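Trainee: Take a look at the following structure, please.
Values in this text are rule-based calculations from the coordinates and carry no lab data. Keep in mind that what you see is a predicted model, and the values were worked out from it rather than measured. Positions of Cβ are backbone-derived with ideal geometry, glycine not excepted, and every protein chain shown enters the neighbour counts.
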Amino acid sequence: MTRTGTTRTRTTRTPKTRTRNQRSRPASIGLHATLAAAAVIAVFPPLWLLVTSFKPRTDAFSTGVVTHFTFANYTHVLADTEFLTWFKNSVIIVGLTTVLGVFIAATTGYAVSRFRFPGMRPLMWLLLITQMFPVAVLIVPLYNLLASLGLLNQPAGLVVTYLTIAVPFCAWMMKGYFDTIPVEIDESGRVDGLNPFGTFWRLVLPLARPGLAVTGFYTFVTAWAEVAYASAFMTGEENLTLAGGLQTFVNQYTNDWGSMTAAAVIIAVPAALVFAFAQRHLVSGLTAGTTKG
Amino acid sequence: MTVAVRVRRALGTHWYAWTMVAPVVLVIGVIIGYPLVRGVFLSLTDANEANVQRDIGVNHIPATYKFTGLDNYQAVLSDSVFWDRLGWTVLWTVGCVSITFLAGLTLANMLNRTLRGRTFYRLALILPWAVPAFISVFTWRMLYNEKNGILNKLLAGGGIDAIPWLNDPTWAKLSVIAVNVWLGVPFMLVALLGGLQSIPGELYEAAEMDGASAWQRFRHITVPGLRAVSSTVILLSAIWTFNMFPVIFLLTRGGPGDATEILVTYAYRLSFVDSPRNFSESATWGVLILVLLSIVAVVYRRALRKQGEVW
């Protein structure tokens, strides 16, 4: 950890002590150059994906920018493949996961933040430990369980699976967030004759909106991008989610990069929109969870 | 006081809390508790595709696998495949987490100061997080493409021979680490930036008054101030990386050969890719992975506590 200090020393190597927001000209250039390089590395792949999606399929690997601008990849993906079905599957699964996940993460977070009850410490540990469960240990038994319940190839099966991935982390985050809301607010609710559920629902939850946004964002992104369970539990072209569907464009048998890029762009847009909506709350929400965690 | 009375009194006081946590406990119990117990059980049997209970048409074939005790564990642990995969998994985890953390810390420190274009840099640097990971991985596969990918074309422009990014064991390892770092930096950056911003500015001002150099300020204010956030994000990130399935599965499918196969993807391969599907060995790998992670978490937590960390 100490080694990383070089970045700051480099900007102030002059013997005179500089304050935080002053720096020499070379230091300033160095700073901007580093940040610009990092920004290019961060932005280039998604940008290149976008650019490629507008090229004719035969040009997918041309190095230049778009010479023959076309929507052919998009129309092909939308009209001639099962893409819209996959999209619908993903929206249903991710939507349900997000709504349910945020709700139960919030109630759990609130309970562990406000009440001292028997079983609380084990529960906190459980939530922490669940986060490190490898897919590998659960996937086969879960597959068998879902098979025996008739939930393979059913959205409901993936929804409950995703809840177990997202909720433990979200509950911790919500706990951190509720900890920052003064207890006096709960007490005022109780004085006004609200029961704990009423206090939670009418007073505390509205105040916790940024925390809810982050939790929802996290759940959405996790579920939208999950690959392992989706690949194992959903089979048959009409049951695939987007993560599974995208694999059908580029695999050992086919190499349809044009369709892949167009589909990828359509998939990335909703995620980016949710991200844009939540990113304002991201720093506060995440650190509330992590610093207090 | 009888037990019944005590239970009733506990219910009276705590039923709100219990009701609120019930859904989570229920979901975790059914979806994780049961499969976990079942997974441990499977690891003690010789179950595979050919002998588990299954239905073919209308015929119901009962399970015929047997309980074999610790045979699977003995077999896996005495096999060099497991140790090879473990070695690479550790290298992968340590490599990814340390590079990601250093990059995140460097960039967070750079962004945590008055700077023209700060918002722009911040948004650009967080972008990899906004794109779903599997999309990014596919994009990287396109960039890495040996014959036609843009990376090799750029190299060719500079007169450098094409690099087999994903087809050579060593390059493939570097490539998957690079992609995972690319994916992981935004989370580190955001978390550490939050940590930096929660350090009171007065501390820095006071230090400047006393003539502390930039390095001294970093060493004695920033580092201690970031310790809580750092320890949490490093642990989380280590666990996530250790279990990072999509990057490897989608980028190389564990190849070439099994060069980039980490423990999790190898266990998946045993039960869903290889034929016949070997459920018991896969479960054994799963249990071993879980044991390893638990040990790491406990050791890490103890080390933190020794430093006086409350977490």
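Trainee: Please arrange B:K173, A:K175 by how many other C-beta atoms lie within 10 Å of their C-beta, fewest to most. Intermediate results must be reported in sequence, preceding the final value.
Mentor: On the way: B:K173 17, A:K175 25.
Final ranking by Cβ density, sparse to dense: B:K173, A:K175.
Trainee: Another question, if that's okay. Give me B:V291, A:V167, B:V30 ranked fewest to most by other Cβ atoms within 10 Å of their Cβ, as a rough exposure proxy. Working shown, then result.
Mentor: Numbers: B:V291 11, A:V167 29, B:V30 14.
Least crowded to most crowded, the residues run B:V291, B:V30, A:V167.
Trainee: What average count of beta carbons from other chains do you get within 10 Å of the Cβ of residues in B:111-118?
Mentor: Details: counts 2, 1, 7, 3, 6, 2, 4, 1.
So the per-residue partner count for this stretch is 3.
Trainee: Can you grab the distance from the C-alpha centre of region A:94-116 to the C-alpha centre of region A:34-60, Å, no decimals?
Mentor: A separation of 38 Å, based on Cα centres.
Trainee: Along the three principal axes, how long is region A:75-292 when you take its alpha carbons, biggest first, rounded to the nearest angstrom?
Mentor: Each principal axis gives a Cα extent; for region A:75-292 these are 65, 37, 30 Å.
Trainee: In this model, which of A:K55/B:K173; A:K55/B:K153; A:K88/A:K175 are farther than 26 Å apart at the alpha-carbon?
Mentor: Values: A:K55/B:K173 31 Å; A:K55/B:K153 17 Å; A:K88/A:K175 33 Å.
Listed pairs above 26 Å: A:K55/B:K173; A:K88/A:K175.
Trainee: Could I ask something else about it? Normalise the Cα radius of gyration of region B:3-61 by 2.2 N^0.38 Å (N = residues in it) and let me know the number.
Mentor: Numbers: Rg = 19.9 Å, N = 59, 2.2 N^0.38 = 10.4 Å.
Expressed relative to 2.2 N^0.38 Å, the Cα Rg reads 1.92.
Trainee: Kyte-Doolittle mean at least -0.5 and Cα extent at least 15 Å along the axis: which DSSP H helices of chain B qualify? Provide the component values of the computation, followed by the final result.
Mentor: Working: long enough: B:3-28 (29 Å, 1.05); B:80-111 (46 Å, 1.18); B:118-130 (18 Å, 0.68); B:133-144 (16 Å, 1.13); B:169-197 (42 Å, 1.37); B:223-242 (27 Å, 1.41); B:279-306 (40 Å, 1.09).
Long hydrophobic helices here: B:3-28, B:80-111, B:118-130, B:133-144, B:169-197, B:223-242, B:279-306.
Trainee: Report, as a whole number in µm² per second, the diffusion coefficient that Stokes-Einstein gives for the protein assembly as shown at 25 °C and 0.890 mPa s using the Kirkwood radius over alpha carbon pairs. Don't jump to the answer; show the numbers that get you there.
Mentor: Working: Rh = 26.1 Å.
It comes out at roughly 94 µm²/s.
Trainee: Taking 35 Å as R0, compute the FRET efficiency from the Cβ-Cβ separation of B:S198 and B:V30 and round it to 0.05.
Mentor: That gives a FRET efficiency of 0.35.
Trainee: Among the aspartates and glutamates, select those whose C-alpha is under 12 Å from the C-alpha of B:K66, and discard any that sit fewer than 8 residues away in the same chain.
Mentor: B:K66 reaches B:D46.
Trainee: On average, how many beta carbons from a partner chain sit within 10 Å of the beta carbon of a residue in B:175-184? Don't skip to the end; give the middle numbers.
Mentor: On the way: counts 0, 0, 0, 1, 1, 0, 1, 4, 0, 0.
Partner Cβ neighbours, averaged per residue: 1.
Trainee: Could you please rank A:V77, B:V273, placing first whichever residue has the fewest other Cβ atoms within 10 Å of its Cβ?
Mentor: Values: A:V77 25, B:V273 13.
Fewest-to-most ranking of A:V77, B:V273: B:V273, A:V77.
Trainee: Would you work out which of A:L246, A:A106, A:Y229 lies farthest towards the positive end of the dipole of region A:75-292, given +1 charges on the beta-carbon of Lys and Arg and -1 on that of Asp and Glu, about the Cα centre?
Mentor: Sorting the options by dipole projection puts first A:A106.
Trainee: How long is the gain from B:N59 to B:A22 if the chain were fully straight, where each residue apart is worth 0.36 nm and the alpha carbon distance is subtracted?
Mentor: Working: separation 37, 0.36 × 37 = 13.32 nm, distance 3.94 nm.
Full extension of this stretch gives 9.4 nm more.
Trainee: Same structure, new question: For a protection proxy built on the mean count of beta-carbon atoms within 10 angstrom, sort B:153-166, A:216-229, B:31-44 highest first, please. All intermediate terms of the calculation are to be shown ahead of the outcome.
Mentor: Working: B:153-166: 13.3, A:216-229: 23.7, B:31-44: 19.9.
With the highest mean Cβ count within 10 Å placed first, the list reads A:216-229, B:31-44, B:153-166.
Trainee: Which semi-axis lengths, in whole Å and largest first, follow from the square roots of five times the eigenvalues of the Cα gyration tensor of region B:76-306? The partial results should precede the final answer.
Mentor: Working: eigenvalues 266, 129, 37 Å².
That gives 36, 25, 14 Å for the three semi-axes.
Trainee: Let's see if you can work this out: charge +1 on each Lys and Arg Cβ, -1 on each Asp and Glu Cβ, no other charges. What is the dipole magnitude of the protein assembly as shown about its Cα centre, in debye to the nearest 20? The partial results should precede the final answer.
Mentor: Working: 46 positive and 30 negative charges, 494 e Å.
Computed about the Cα centre, the dipole is about 2380 debye.
Trainee: Given H placed 1.01 Å from N in the peptide plane, which residues other than close sequence neighbours of B:T45 have an amide H under 5 Å from its amide H?
Mentor: Under 5 Å from the amide H of B:T45: B:T68.
Trainee: Turning to a different aspect of this structure: Once you have the alpha carbon radius of gyration of region A:113-172, what is it after dividing by 2.2 N^0.38 Å, with N set to its residue count? It would help to have the intermediate numbers written out before the result.
Mentor: Values: Rg = 14.0 Å, N = 60, 2.2 N^0.38 = 10.4 Å.
Compactness ratio reported: 1.34.
Trainee: Under the definition of partner shielding as Cβ atoms of other protein chains within 10 Å of a residue Cβ, what is the mean value for peptide B:94-106?
Mentor: Numbers: counts 0, 0, 0, 0, 1, 0, 0, 2, 4, 3, 1, 5, 8.
So the per-residue partner count for this stretch is 2.
Trainee: What are the ³J(HN,Hα) values, in whole Hz, obtained from phi via the Karplus relation 6.51 cos²θ - 1.76 cosθ + 1.60 with θ = phi - 60°, for each residue of region A:206-214 in sequence order, with x given for Gly and Pro?
Mentor: With coefficients 6.51, -1.76 and 1.60, one gets x, 6, 8, 3, x, x, 5, 4, 5 Hz.
Trainee: Can you work out the FRET efficiency for the pair A:F69 and A:A37, with r the C-beta to C-beta distance and R0 = 22 Å, to the nearest 0.05? List each step's numbers first, then the result.
Mentor: Numbers: r = 29 Å, r/R0 = 1.33.
E(calc), rounded to 0.05, equals 0.15.
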